[in-house]
Amino acid sequence: MRSILLPTLPVARVQVLRVLVYAFVVLDILTLSGDVIALAGNSDFYTPLLLARILHVPAVTPLVAQLLRAVILVACVAAVAGWKPRISGTVVAIAFWAWMFYSQGYGYVAHDHMALMVAVAVLPTVATPSAPRPAGPVDSAGHADPVGPADYTDPAAGGAPLDEARSEAAGWALRCIQLAVVATYFFSIVPKIRYTGSLAAWGNSAILTWASLRRGSLLAHWLVEHTPWVFVPAQWGGLALESLSPVVLFLRGRALYIAIALYMSFHLATLVLLGIHFLPTVICWAAFLPLERWRQLGRGRRAPRTPRAPRTPRAL
């Protein structure tokens with residue numbers, strides 16, 4: 001169980017994921033959840049979520065909304081820049097959770113933000129290596145050549161280079177985000193059963209056809225008119241992806257990449273047909289990827305290639 005919940009994963013993977021998540025949070029509060037500014041002052045329509053009620057979070061005011069947005073923007077920029085990521089990340093987590101309490105507290109709850117909220121909550125728990133790598137040999141002038149100009153070591157990992165350092169703290173944070181991503185799909189089965197009585201009833205229903213007529217694109221309308229038979233199989237395909245989502249947690253290598261491609265294709269289809277994007281969840285799928293390789297490429301490093309065997313000269 002420890003290896004499942006606390007896998008030892010690269011610290012550099014968390015470093016790259018921080019940049020992706022915090023950059024997206026900036027985009028999110030300015031666009032997707034930017035309705036908090038418009039909702040401010042409409043306290044009569046405020047219906048706080050359960051956790052907001054427990055914490056006695058009051059209705060947002062225009063001044064609080066503006067200040068909250070400013071705090072999130074400044075903290076995200078600081079976190080992306082690498083300035084004290086544990087402190088700046090904690091500020092982002094608290095402020096963004098408060099922001100989402102308000103965004104989801106006026107009658108509509110979008111579960112596509114769940115993984116993103118978990119991500120901002122757990123990323124600050126991973127320590128950031130700060131000790132410089134040991135210097136190289138001293139030259140004739142008495143100057144030491146650094147081993148790697150921009151590398152750092154992780155003291156918790158015995159001084160190993162950051163690109164090679166691994167820790168359970170990094171694994172725990174990444175696993176939490178992965179679990180939140182999977183839960184977003186798996187627990188979406190619950191309302192389907194609740195509203196239709198069974199998964200079979202939902203899978204054989206006309207819900208996708210209705211959604212296509214109500215909010216679908218021109219392509220969706222064309223499908224309804226010319227190939228209406230495609231919607232029921234599509235619904236069952238979506239149910240299969242949601243029901244089998246926990247399997248992704250145990251996949252590795254090519255099988256994992258194929259699974260991620262399937263879920264990305266699913267979201268691309270809903271975007272093209274219905275205008276539903278699920279971008280906050282899509283961003284958090286990065287927690288499954290070997291992001292530390294991006295860090296190495298960004299520093300101009302490449303994995304060493306196996307030398308080829310010399311060719312045998314051809315006979316004349």
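The values are calculated or read from the model by the stated rules, or taken from the named source; none is laboratory data. Please read all numbers here as calculations on a predicted model, not as lab measurements. Virtual Cβ from ideal backbone geometry, glycine too; neighbours counted across all protein chains shown.
Structural remarks
- Hits in region 66-106 - residues which are touching a Phe, Trp or Tyr at 6+ places or on another chain (Cβ under 7 Å) and more than 12 Å from V25 (Cβ to Cβ): L68, G105, Y106
- The residue pairs whose first member lies in region 76-104 and is on the phi > 0 side of the Ramachandran plot, whose second member is assigned to a helix (DSSP H, G or I), and whose beta carbons are closer than 8 Å, counting only pairs six or more residues apart or on different chains, are K84/A78.
Results for (1) surrounded by fewer than 16 Cβ atoms within 10 Å (Cβ to Cβ); (2) in a helix (DSSP H, G or I); (3) aromatic (F, W, Y), shown as yes or no for each residue.
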{"position": "A201", "(1), (2), (3)": "yes, yes, no"}
{"position": "W210", "(1), (2), (3)": "yes, yes, yes"}
{"position": "R214", "(1), (2), (3)": "yes, yes, no"}
{"position": "A220", "(1), (2), (3)": "no, yes, no"}
{"position": "E225", "(1), (2), (3)": "yes, yes, no"}
{"position": "W229", "(1), (2), (3)": "yes, yes, yes"}
{"position": "Q235", "(1), (2), (3)": "no, yes, no"}
{"position": "L239", "(1), (2), (3)": "no, yes, no"}
{"position": "E242", "(1), (2), (3)": "no, yes, no"}
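- Filter result (more than 29 Å from the chain's Cα centre (by Cα), of a type outside the set (V, I, T) and farther than 15 Å from V272 by Cα) within region 196-236: G197, S198, A200, A201, N204, S205, A206, W210, E225, H226, P228, W229
- In region 102-111, the residues that are surrounded by fewer than 19 Cβ atoms within 10 Å (Cβ to Cβ) and part of a helix (DSSP H, G or I): H111
- Positions within region 205-257 being of a type outside the set (G, A, S), within 21 Å of F186 (Cβ to Cβ) and touching a residue at least 24 places away in the same chain (Cβ under 8 Å), in sequence order: I207, L208, Q235, W236, L239, L241, E242, P246, V248, L249, L256
Residue by residue, here is whether (1) of a type in the set (F, W, Y); (2) modelled with pLDDT of 90 or more; (3) surrounded by 15 or more Cβ atoms within 10 Å (Cβ to Cβ) holds:
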{"position": "G82", "(1), (2), (3)": "no, no, no"}
{"position": "S88", "(1), (2), (3)": "no, yes, yes"}
{"position": "V91", "(1), (2), (3)": "no, yes, yes"}
{"position": "W97", "(1), (2), (3)": "yes, yes, yes"}
{"position": "M100", "(1), (2), (3)": "no, yes, yes"}
{"position": "M114", "(1), (2), (3)": "no, yes, yes"}
{"position": "P124", "(1), (2), (3)": "no, yes, yes"}
{"position": "S130", "(1), (2), (3)": "no, no, no"}
{"position": "A150", "(1), (2), (3)": "no, no, no"}
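- Helices (runs of 4 or more DSSP H) enclosed by region 1-75 - at least 1 residues per element that are touching a Lys or Arg at 6+ places or on another chain (Cβ under 8 Å) and crowded, with 20+ Cβ neighbours inside 10 Å: 11-30, 35-39
- Check on L174, closer than 30 Å to R86 by Cβ, part of a helix (DSSP H, G or I) and in contact with a strand residue (DSSP E or B) (Cβ under 8 Å, 6 or more places away or on another chain): yes
- In the set (1) under 23 Å from the mean Cα position of the chain (by Cα); (2) exposed (fewer than 13 other Cβ atoms within 10 Å of the Cβ), A269 fails one condition alone, (2).
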